[in-house]
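Data block below; observations after.
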Amino acid sequence: MPPHANFTPMRIGAIQWLAACWLALLMLWPAARAAQAEPRHAIAMHGAAALPEGFSHFPYANPHAPRGGRLTLAAQGTFDGLNPYIVNGSMAAQGISPYIVQSLMARSYDEPFTLYGLIASSIDTPDDRSSVAFTIDPRARFSDGTPITSEDIAFSWKLLKDHGRPNLRGQYGKVARVETPDPHHIRFIFADRGDYELPLIIGLMPVLAKHATDPAKFEQTSFTAPLGSGPYVVTDVDPGASITYKRNPHFWAADLPSVRGHFNPDEIRIDYYRDSNALFEAFKAGLYDYRVETDARRWQTGYDFPAMREGAVRKEAIRTQTPKGMFGFVFNTRRPEFQDVRVREALGLLIDLRWINRNLYGGALTHSASYFADSELSALGRPASPAERALLAPFPGAVRPDVMDGSWQPPTGDGSGRDRTDARRALNLLAAAGYVLKGSTLRNARTGAPFAFEIIVDTREEERLALVYADGLKRAGIKVRVRQIDSVQYQKRRIDFDFDMLLNTWPVSASPGNEQRGRWSSAAADAPGSLNYAGVHSPAVDATIDAVLAARDEEGFVSAVRALDRLLMSGFYVVPLFYAPARWIAYRSRLAHPERLPRYEVIPDVWWIKQGGKD
C-alpha cells in the first residue's frame, strides 16, 4: 500500500482545517502578546516612561547627598489622629505618607504621571488596562521586619475600599476581584474597561500591614501610627501640637532607584501653629527650617528680618510646569439661593480682583478662571476643537457659546473697587433670576426674603479677603456674614457640607484624573468628606470625567480635560481668584537642594542638611 493510501478525503479535510487554525493562531500571536504585555519596571499614563530599566536614580535626586541631622517643618492648624485614610482622620498629622506608609510604586515628579518600582518591582497591564498585576519585591519589609506579601496588599485594598475616605472607596470599588496566586504576585481585575488611569491609581495605593491593622477599629481616630514600610517611624507625638519621625535604620528600600537621594535627614519634626502669623514669626525666630509662602504681600515685604539680611535664611521663586489649580470662593449649590447659575455668575461680577490684587497682594498674583490655568490643559481663551465639540455634543447648552469659542474672559473689575459696569450686569442677572433691589436690600421678588448668606473662614488671611468681597456684595444689597471659626469646627462643617460659601483651593497635577470625580462628580456631591464642596450634579461633567479617564493618547486626554474645564467655567461654581506664578520657598541656609529640581513639583524629600548643620 502506498504511504498515502490511508488518507481519505475526510482526513485530508481535517488536516487542512487544523493547518488553517494553526496559521490563524500564528497570525494572532503578536496581537495576543501585545494585549497581554510583559512586566515592566514603570508605567506612564500616556506614552512611555522616560527612564529606562536599570536607571540609578531620579534626575532631580542627588544619590550622594549627605545623610543626617534634624529637619524641622511646620504646619498651620492642628491634628486629631495619625490615620489620613479615613473621614475621621481628615485632620491627620502630616507626613504619614510617605514617611511611614509606602505605596506599591513611586511617582516621578519629572513626568506628568509615571510610576516606577517601589514595593512592587514590576507592573503588568494589558493594552486595554482592564487589569493590572504587580510583582512584589522579595526584599520589601514593614518597619517591624515582617515581609510584605500579596495578602497585605489585598488586605489594604479591601480595607480602604470598605472603610477609607470617599475618594478611596470610589477608586478601589472599581476593582471586581483580586487574585493572589502566591506571596509575591497580585492581580487586580477591574469591573469595566473605561478607566485608563486605574492601574496607576492602584499603583499608588498605600500598603498597610495586615497583621498589625484591625479593620473593626480602622475608622476610629487614634494617635498610634499605622504600621508601614517607609523610611521613618514615629517616635514622639504631642497631640495636635507636633509629631516626630526618626529614620528606620533597617529601611528596606534605601537603595532603590526611586528612593535613592530621598529622605536624607535622620529626624523630621513637624510643629503645628494655630494661625499664619504665629507660623511666620516662628520661622523668623528659627524654630523651623523650610517654609512654603502663600501670602504674596508677605513674600514681597515680610522677609526683611535679621536672619535673611545675615544670610541665614534664603528664599527662591521656583517655577514648575504643573497647571495652576483653582482658588476661589465656593458656592454650595445645595443651598437654594445658589442653585440658579445666573445668581452665581452675578456674584462673581461683584468682586474687583484688580483692586484686591494691587492692595492686598502688591500685584504679585495672576487672575484665574481656568481650573487648569497656565498649561495646555486650560480651555480659557481657546476655541473648542472638533474633538471637544464631539464630547460635548450630547449635552447641548452645557457650555456657554462664548466659553465654547474661547472669547469669554473672567471679570476682573476696573481696579477702582467700585466697578459700576460689572455691578449693573450683576443686578440685571439677579433680576432675571427673580431678585429685586428694594431700598438698599436685595430681596426675592416672590417671597420678599432678603438675599443673605454666610462665608466661613479659618484664617485671618481668608477673613481679610472675605471681608473685602462682602463689602462688594453689600453694594448690591446682599447681606453677607463673614465668620471665622476654629480649625476643628471648620473641618467638620466642610466635611458635612454645612456652609453657604467658603474659600478652597483645588491643586492639580500635570495629569488630572480620578481625583476629578471626587471634586466634581454627581456621586461625590452626596458623599460627606468628598471634595465636591460645590455640590456639582451634572451628567455632562460626569461623562467628561469619564472621557478624561478613558483617553488612550495625549491628544484625546487634552481634549477631554479642556472640555471639562469649559463645563466648570460655564457652571460658575466658584468665584475664581488668583494663582501665584511660582512656588515661593524660604529656608534656612543650612539646607541644600539638588541643582536640578523636578519639573512638576517642589518636594523637600530630596533636600538635605549640609554637613555640620549650621546656618
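Annotations for the structure displayed:
- Residue check for Ile136: more than 30 Å from Ser521 (Cβ to Cβ), free of Cβ contacts under 8 Å to residues at least 60 places away in the same chain and of a type in the set (A, V, I, L, M, F, W, C): yes
- Within the stretch 358-370, if we keep just the residues that are touching a Ser or Thr at 6+ places or on another chain (Cβ under 9 Å) and open to solvent by 10 Å² or more (accessible area, probe 1.4 Å), the residue that is modelled with the highest pLDDT turns out to be His367.
- Filter result for Asp422 (over 27 Å from Tyr361 (Cβ atoms), of a type in the set (Asp, Glu) and in contact with a Pro (Cβ under 8 Å, 6 or more places away or on another chain)): no
- So Val233, is it closer than 27 Å to Tyr109 by Cα, modelled with pLDDT of 95 or more, open to solvent by 10 Å² or more (accessible area, probe 1.4 Å) and not in a loop (DSSP other than H, G, I, E, B): yes
- Qualifying residue in the stretch 398-415 (condition: closer than 23 Å to Thr294 by Cα, open to solvent by 30 Å² or more (accessible area, probe 1.4 Å), touching a Pro at 6+ places or on another chain (Cβ under 9 Å) and part of a loop (DSSP other than H, G, I, E, B)): no
- Qualifying positions in the stretch 453-471 - touching a Phe, Trp or Tyr at 6+ places or on another chain (Cβ under 9 Å), open to solvent by less than 30 Å² (accessible area, probe 1.4 Å) and in a helix (DSSP H, G or I): Leu465, Ala466, Tyr469
- Listed by first and then second residue, the pairs linking a residue in the stretch 66-86 that is within 12 Å of Ile268 (Cβ to Cβ) to a residue that is crowded, with 20+ Cβ neighbours inside 10 Å and among the basic types (Lys, Arg), with Cβ atoms under 8 Å apart and 6 or more places separating them unless they lie on different chains, are Arg70/Arg269; Leu71/Arg269; Thr72/Arg269; Leu73/Arg269; Ala74/Arg291.
- Checking Ala476 against (1) touching a helix residue (DSSP H, G or I) at 6+ places or on another chain (Cβ under 7 Å); (2) surrounded by fewer than 18 Cβ atoms within 10 Å (Cβ to Cβ); (3) of a type in the set (Gly, Ala, Ser), the condition it does not meet: (2)
- Restricting attention to the stretch 78-114, the residues being hydroxyl-bearing (Ser, Thr, Tyr), out of contact with any strand residue (DSSP E or B) (no Cβ under 8 Å at 6 or more places or on another chain) and closer than 22 Å to Arg247 by Cα number 0.
Yes/no per residue for (1) out of contact with any Leu (no Cβ under 8 Å at 6 or more places or on another chain); (2) among the aromatic types (Phe, Trp, Tyr):
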position	(1), (2)
Phe451	no, yes
Ala476	no, no
Val482	no, no
Lys492	yes, no
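- All positions within the stretch 596-615 that are part of a loop (DSSP other than H, G, I, E, B), within 22 Å of Ala510 (Cα to Cα) and open to solvent by 30 Å² or more (accessible area, probe 1.4 Å): Arg596, Leu597, Arg599, Tyr600, Glu601
- Wholly within the stretch 483-567, helices (runs of 4 or more DSSP H) carrying at least 1 residues that are at pLDDT below 95, open to solvent by 10 Å² or more (accessible area, probe 1.4 Å) and farther than 27 Å from Asp340 by Cβ: 487-495, 515-520, 539-550
- Taking every residue in the stretch 527-553 that is under 15 Å from Glu388 (Cα atoms) and pairing it with any residue that is β-branched (Val, Ile, Thr), at least 6 positions away or on another chain, the pairs with Cβ-Cβ distances below 6 Å are Val548/Val561.
- Cβ-Cβ contacts under 7 Å between residues 6 or more apart (or on different chains), taken from a first residue in the stretch 290-311 that is of a type in the set (Gly, Ala, Ser) to a second residue that is outside any helix (DSSP H, G or I) and surrounded by 15 or more Cβ atoms within 10 Å (Cβ to Cβ), are listed as Ala296/Ala364; Ala296/Leu365; Ala296/Ala580; Ala307/Val313; Gly311/Ser589.
- Residue within the stretch 583-595 that is under 30 Å from Thr301 (Cα atoms), part of a loop (DSSP other than H, G, I, E, B) and without any contact (Cβ under 8 Å) to a residue 40 or more places away in the chain present: yes
- Only residues that are out of contact with any strand residue (DSSP E or B) (no Cβ under 8 Å at 6 or more places or on another chain) and without any contact (Cβ under 8 Å) to a residue 40 or more places away in the chain were counted in the stretch 432-460, giving 6.
- Considering only residues in the stretch 379-392 that are in contact (Cβ under 8 Å) with a residue 60 or more places away in the chain, open to solvent by 10 Å² or more (accessible area, probe 1.4 Å) and small (Gly, Ala, Ser), the one that is nearest to Leu503 (Cα to Cα) turns out to be Ala384.
Okay, residues lined up against (1) of a type in the set (Lys, Arg); (2) at pLDDT 95 or above:
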{"position": "Phe188", "(1), (2)": "no, yes"}
{"position": "Ala191", "(1), (2)": "no, no"}
{"position": "Asp195", "(1), (2)": "no, no"}
{"position": "Ala212", "(1), (2)": "no, yes"}
{"position": "His250", "(1), (2)": "no, yes"}
{"position": "Arg260", "(1), (2)": "yes, yes"}
{"position": "Ile270", "(1), (2)": "no, yes"}
{"position": "Glu281", "(1), (2)": "no, yes"}
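- Any hit, the stretch 320-335, residues being open to solvent by 30 Å² or more (accessible area, probe 1.4 Å), closer than 20 Å to Phe578 by Cα and outside any strand (DSSP E or B): yes
- You will find that of Arg424, Arg418, Arg443, the residue that is in a helix (DSSP H, G or I), open to solvent by 60 Å² or more (accessible area, probe 1.4 Å) and of a type outside the set (Val, Ile, Thr) is Arg424 and no other.
- For Thr221, the conditions (1) touching a helix residue (DSSP H, G or I) at 6+ places or on another chain (Cβ under 6 Å); (2) open to solvent by 40 Å² or more (accessible area, probe 1.4 Å); (3) not in a loop (DSSP other than H, G, I, E, B) are fulfilled apart from (3).
- The stretch 89-130, subset in contact with a Ser or Thr (Cβ under 7 Å, 6 or more places away or on another chain), assigned to a strand (DSSP E or B) and among the aliphatic types (A, V, I, L, M), residue least open to solvent (accessible area, probe 1.4 Å): Ala120
- When residues of the stretch 243-301 are limited to those that are among the aliphatic types (A, V, I, L, M) and open to solvent by 10 Å² or more (accessible area, probe 1.4 Å), the one nearest to the chain's Cα centre (by Cα): Val292
- Test result for Phe280, aromatic (Phe, Trp, Tyr) and either assigned to a helix (DSSP H, G or I) or touching a strand residue (DSSP E or B) at 6+ places or on another chain (Cβ under 7 Å) (or both): yes
- Applying a threshold of 6 Å to beta carbon distances and a minimum spacing of six or more residues, or different chains, the list of pairs starting in the stretch 351-365 at a residue that is touching a residue at least 40 places away in the same chain (Cβ under 8 Å) and ending at one that is among the basic types (Lys, Arg) and part of a helix (DSSP H, G or I) reads Tyr361/Arg297; Gly362/Arg297.
The values are calculated or read from the model by the stated rules, or taken from the named source; none is laboratory data. Remember, it's a predicted structure, so these values are computed and weren't measured experimentally. Cβ: placed from backbone, ideal geometry, glycine included. Neighbour counts: every protein chain shown. Side chains are part of the model used for accessible areas, which takes the heavy atoms of the whole protein and leaves out ligands, DNA and RNA. Shrake-Rupley method; radii C 1.70, N 1.55, O 1.52, S 1.80 Å.
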